[in-house]
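Note sheet for the following structure.
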Amino acid sequence: MAANPANAANTANPADLPPARSRFPGSGLAKGLAVTLRTMTKKTVTAQYPDVQPELPPRSRGVIGLFEENCTVCMLCARECPDWCIYIDSHKETVPAAVEGGRERSRNVLDRFAIDFSLCMYCGICIEVCPFDALFWSPEFEYAETDIHELTHERDKLRDWMWTVPAPPALDPAAEEPKEVASARKTAEKLAAAAEAAATTEPAASPEAAAGAAAPEPKTAEPKATEPEEGQA
């Protein structure tokens, strides 16, 4: 038969029960005044904004900067945005063949890239899903407007914010080398080795051959024909 919880609570050890509240009237007020007195003795710090800009953390989410050269108009950011606040327009252009007889290619050209910051909830999904690193967080936060329609910023403004993006933090010295850097370094080493091998395989001219090529050929004097005298015909 199960024990009654109410009876178990009544028979509990008094030492295990929480201490009773103090019945002293005004104890809460006294604690609040004690906190006030402690803070009154400390130096006040007032941020002199906007004369002095605040020091924001390096990963602050202010606005989104656009690096237009990396955008391929893949539309991933617009499709993944949960607020549908990214607007992209583009058109296709035909690129002529690089070699004669080659095939023409078509590419997307960006016409418009805008973000409505009145709808944006700063989740950062668009930055994470971009496969070509065209979007970055900027700590810029001074973009308030008096009209809500002016919070839709076009690509020119997003590009200006791109130059306020802080530099990425330094890598851990014990971290593995990035694949992009390793691939570029290997390619550069191969090209340097090929150039060095081509320079060493060329036949070097010997000093004697060089001196012989530089010295002019000696001229030989041709014998002059002598006319016979009158008595020796």
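The distance between label points at M75 and W163 comes to 3.3 nm (points 7 Å beyond Cα on the Cα→Cβ vector). Here, P(r) means the percent of Cα pairs in each 10 Å bin from 0 to the largest distance; for the stretch 49-169 it is 12, 40, 29, 13, 5, 2, 0. For the stretch 42-90, the Kirkwood hydrodynamic radius comes to 14.9 Å, computed from all pairs of different C-alpha atoms.
Loop-located GluC sites (Glu not before Pro) in the stretch 41-73 (DSSP state other than H, G, I, E, B) with a sparse environment of at most 11 neighbouring Cβ atoms within 10 Å: E55. Label positions at L37 and D133, each projected 7 Å from the Cα along the C-beta direction, are separated by 5.9 nm.
Here E154 and Y49 are evaluated by their C-beta separation; at R0 = 25 Å the FRET efficiency comes out at 0.35. Only residues of the stretch 23-67 count here: report those whose backbone N is under 13 Å from the spot 7 Å along Cα→Cβ of A175, or say none. Counting only backbone N, you get no residues. Distance between the pseudo-spin-label points of T146 and S60 (7 Å out from Cα toward the beta carbon): 2.6 nm.
Here, each number is a calculation from the coordinates, and none is a lab measurement. All figures in this text were calculated on a predicted structure; none of them were measured in a lab. All Cβ positions, glycine included, derive from the backbone under ideal geometry; neighbour counts span all protein chains shown.
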